[in-house]
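The values are calculated or read from the model by the stated rules, or taken from the named source; none is laboratory data. Being a predicted model, the structure only gives us computed values, none of them experimental. Using ideal geometry, Cβ is built from the backbone for each residue, glycine included, and neighbour counts are taken over all protein chains shown.
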Amino acid sequence: IKELMGAEDEYMTLFDIIVEEEGCATMIVFQMNEEDVKRVISNHLSMFSTDSWSVSPKGELGRGKPHPRFYGTYPRVLKKYVREEKILTLEDAIRKMSSFPAQKLGLKDRGMVREGFWADIVVFDIRRVADRATYDNPHQYPDGIEYVIVNGKVVVEKCVHKLTLPGNVLFRPRKGLD
């Protein structure tokens with residue numbers, strides 16, 4: 001980084017980056033082997049998640065350059081590992097994204113389309129779903145996501161975000177720590 005920035009001192013380079021990015025500098029580390037990823041996601045005990053925070057192409061949440069998977073983790077799974085490489089069936093991928101994580105996290109009324117459960121639904125076109133975010137241009141919504149319904153309220157309609165925010169922070173039940 002020091003050489004790319006044309007600096008002599010690595011610490012001053014780091015401080016310059018922090019100041020330039022107004023304290024919002026991030027780092028992306030490439031440490032996963034694709035064959036390992038394929039082996040892990042094909043295991044029946046694996047599930048999908050992301051460690052991202054709230055982002056948006058506009059406003060304060062659109063600052064910086066987050067990892068492209070902030071916008072594209074799930075569409076990437078559907079396009080790459082279901083549609084193209086056929087490592088997972090569509091049904092198994094959906095289970096690993098929804099009911100399985102909800103079950104493991106103790107979210108008893110989430111993760112399935114069932115009477116009495118919260119209506120959290122994503123409607124997508126499997127032929128078109130694809131992640132568009134890149135390292136250079138990460139603030140890109142995916143293609144093929146037709147509708148997103150959160151807590152029964154439409155958030156994305158005909159691929160357009162309606163700027164509604166009906167979601168809540170979910171807490172799983174605590175066991176033995178009360």
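When segment 113-165 is filtered for residues that are touching a helix residue (DSSP H, G or I) at 6+ places or on another chain (Cβ under 9 Å), among the aliphatic types (A, V, I, L, M) and over 19 Å from ARG95 (Cα atoms), only ALA133 remains.
Among the conditions (1) assigned by TED's automatic domain parsing to the domain that holds VAL122; (2) part of a loop (DSSP other than H, G, I, E, B); (3) loosely packed, with under 14 Cβ neighbours inside 10 Å, the only one that ASP36 does not satisfy is (2).
Residue by residue, here is whether (1) at pLDDT below 95; (2) surrounded by fewer than 16 Cβ atoms within 10 Å (Cβ to Cβ); (3) basic (Lys, Arg); (4) on the phi > 0 side of the Ramachandran plot holds:
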| site | (1), (2), (3), (4) |
| --- | --- |
| LYS104 | yes, yes, yes, no |
| ILE121 | no, yes, no, no |
| ARG127 | no, yes, yes, no |
| ASN137 | yes, yes, no, no |
| TYR141 | yes, no, no, no |
| HIS161 | yes, yes, no, no |
| THR164 | yes, yes, no, no |
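Where helices (runs of 4 or more DSSP H) fall wholly inside segment 42-148, the ranges with 3 or more residues that are touching a Leu at 6+ places or on another chain (Cβ under 9 Å) and closer than 30 Å to LYS175 by Cα are 90-97. Within segment 122-143, one or more residues are assigned by TED's automatic domain parsing to the domain that holds HIS44, over 19 Å from the mean Cα position of the chain (by Cα) and not aliphatic (A, V, I, L, M). Taken across segment 61-75, residues that are on the phi < 0 side of the Ramachandran plot and surrounded by fewer than 12 Cβ atoms within 10 Å (Cβ to Cβ) do not occur at all. For TYR81, the stated conditions do not hold, so it cannot be described as surrounded by 13 or more Cβ atoms within 10 Å (Cβ to Cβ), under 23 Å from VAL156 (Cα atoms) and of a type outside the set (S, T, N, Q). Entry remark, segment 41-54: residues being free of Cβ contacts under 8 Å to residues at least 40 places away in the same chain and either surrounded by 12 or more Cβ atoms within 10 Å (Cβ to Cβ) or touching a His at 6+ places or on another chain (Cβ under 7 Å) (or both) number 2 in total.
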